[in-house]
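Chemist: My questions will all concern the structure given below.
Where a number appears in this text, it was derived from the coordinates with a stated rule and is not lab data. Predicted, not measured: the structure shown is a model, and the values here were computed from it. Cβ placement follows ideal geometry from the backbone for every residue including glycine, while neighbour counts extend to all protein chains displayed.
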Amino acid sequence: MFDRLSAYAPQALAVLRIVTALLFLLHGLQKVLGFPATDMQPPLISLFGLGGIIEIITSILIILGFFTRPAAFVASGTMAVAYFMVHAPMNTFPTNNGGDAAILFCFVFLYLVFSGPGAWSLNKK
């Protein structure tokens, strides 16, 4: 029964890619534009501001499936840096330091580096 589901793996990968990148885009937009509304809007010329710009650019590329692998590599690295610089010093456990999303983003994007974009991408395999 589950073997038939394998035929839809490229589409499922594309949905994972697009939804993850849309969520990532929201994080970048919050940092750079303050939308959706947030108390945190760092200066554009700062590590947080640079992170926001990277999040916006890489998420748009990943949504479109355009240069997915290099964009996902940069996004994954950005989340690893964010976790170890911002979240890890606050507490050992990701559920207590607010870093669980950063870890998930890091590893989903790392997976995209190896898997590619799946279906519905501007760069066909």
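Chemist: Report the residues of the stretch 25-67 in range of a label on Leu122: point 7 Å along Cα→C-beta, backbone N strictly under 11 Å from it.
Modeler: 60-67
Chemist: What's the extension gain from Leu33 to Ala88 if we count 0.36 nm per residue and subtract their Cα-Cα distance? Display every interim value, and only then the final one.
Modeler: Working: separation 55, 0.36 × 55 = 19.80 nm, distance 2.59 nm.
Stretched fully, the Leu33-Ala88 segment lengthens by 17.2 nm.
Chemist: Return Met40, Met90 ranked ascending by Cβ neighbour count within 10 Å, so the fewest neighbours appear first.
Modeler: Fewest to most other Cβ atoms nearby, the residues stand as Met40, Met90.
Chemist: Assuming 1.567 mPa s and 4 °C, estimate D for the stretch 12-73 with Stokes-Einstein, Rh taken as the Kirkwood radius over Cα pairs, in µm²/s.
Modeler: The Stokes-Einstein estimate is 111 µm²/s.
Chemist: Rounded to the nearest 0.05, what FRET efficiency do Ala12 and Phe107 give with R0 = 22 Å and r taken as the Cβ-Cβ distance? Could you check? Intermediate results must be reported in sequence, preceding the final value.
Modeler: Values: r = 17 Å, r/R0 = 0.76.
So, using R0 = 22 Å, E works out to roughly 0.85.
Chemist: Add -39500 (n - 2.57) for each DSSP H run of 4 or more in the chain, then divide by its residues: what number comes out at 222 nm, to the nearest 500 deg cm²/dmol?
Modeler: Dividing the helical sum by the residues of the chain leaves -20500 deg cm²/dmol.
Chemist: What number, in percent, do you get for the relative contact order of the stretch 9-115 if the mean sequence gap of Cα pairs under 8 Å and at least 6 apart is divided by its residue count?
Modeler: The normalised contact order for the stretch 9-115 reaches 23 percent.
Chemist: So, one more: Each residue of the stretch 16-27 in order: what ³J(HN,Hα) in whole Hz does its phi give by Karplus 6.51 cos²θ - 1.76 cosθ + 1.60, θ = phi - 60°, with x for Gly and Pro?
Modeler: Result, rounded to whole Hz: 4, 4, 5, 5, 4, 5, 5, 5, 5, 4, 4, 5.
Chemist: Have a look at the stretch 9-115 and give its Rg and Dmax from the Cα atoms, expressed in angstrom.
Modeler: Just the Cα atoms of the stretch 9-115 yield Rg and Dmax of 13.5, 41 Å.
Chemist: For the pair Asp3 and Ile60, what calculated FRET efficiency results from E = 1/(1 + (r/R0)^6), where r is the Cβ-Cβ distance and R0 = 30 Å, to the nearest 0.05?
Modeler: Using R0 = 30 Å, I get an efficiency of 0.25.
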